[in-house]
Amino acid sequence: MRSSKAFHTIRYQQRRLEIATVSTVVLVTRDPHQALAWRSELTAGQQHDVLGITNAARSARELLLTHRPKVVVTELRLLDGTAMAMVQWLASEPEGYRPTLVVIAADGKDPLLYPALSAGADNLHIVGQGSLAESVNRTLRGETALTPALALALLDQFDRSMRTMSQWAALDATESPLQLETTERELLQRVAAGYSLEQLAERHNLHPRLLGQRARQIVRKLQWDQRAGSLQLA
């Protein structure tokens, strides 16, 4: 009896931990059939609880204010336009209220991907490249995915920011928070050349999570740059 009671106590504690770690999600997508498929995918492993689904940015705002989810997953193009205004609004929310944001694109060259990351998105999911649930899991672990087009855009942005700052003697470029570290620049250059984070991790005997987290650090620098208006040096 004692061992049986101890077993049930352990299972109860495990179940409480599972419930505590379930991520609440609001899903914003145009296609109702796709929405149902993604909801099934997210809830299949009992890691995510989809609180609501909507197909437009306007209705999403009310849904998000009502539920205050931990994660928002949104397509970049919705029934009433793009998701950019919603991304900017969520990014401006106070720290305790701001959800983790994953944006969905049909391919890695979508012109809205870079603006979405600049505005505050935490990660991206490319349709057909892995599961949406895994993209959300990686986001919650502090990772960000990269595509060759994004890597090129990031390199260009940081190079332009550094050229601007180098014109001001009062700011030593070597001390700039916007400067890419050597490992960050090399990562972007290799992704821009066509390597995936997984390929680079295997090639250099690194855990893929480390490179995903390094990519998140780069995106955070980009977002800091955008919010500060490139430090308003001009």
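The values are calculated or read from the model by the stated rules, or taken from the named source; none is laboratory data. Note that the structure is predicted; figures quoted are calculated from it, not measured. Neighbour counts run over all protein chains shown; Cβ positions are idealised from the backbone, glycine included. What goes into the accessible areas is simple: the full protein's heavy atoms, side chains included, and nothing from ligands, DNA or RNA. Shrake-Rupley method; radii C 1.70, N 1.55, O 1.52, S 1.80 Å.
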* To do: Kindly establish whether L117 is modelled with pLDDT of 95 or more and farther than 28 Å from D49 by Cβ.
  => no
* Asked: Among the candidates V22, V103, which residue alone is touching a His at 6+ places or on another chain (Cβ under 8 Å), open to solvent by less than 50 Å² (accessible area, probe 1.4 Å) and modelled with pLDDT under 95?
  -> V22
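Per-residue answers, yes or no, for (1) within 17 Å of V219 (Cα to Cα); (2) of a type outside the set (S, T, N, Q); (3) assigned to a helix (DSSP H, G or I):
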| site | (1), (2), (3) |
| --- | --- |
| M86 | no, yes, yes |
| E95 | no, yes, no |
| V103 | yes, yes, no |
| G128 | no, yes, no |
* Structure fact -> Note on the stretch 184-224: residues surrounded by 14 or more Cβ atoms within 10 Å (Cβ to Cβ) and of a type in the set (F, W, Y) are Y195
* To do: Taking the options G45, G52, name whichever one is in contact (Cβ under 8 Å) with a residue 60 or more places away in the chain and open to solvent by less than 70 Å² (accessible area, probe 1.4 Å).
  => G45
* Condition test on G142, is it open to solvent by 30 Å² or more (accessible area, probe 1.4 Å), under 17 Å from E198 (Cα atoms) and not in a helix (DSSP H, G or I)? -> no
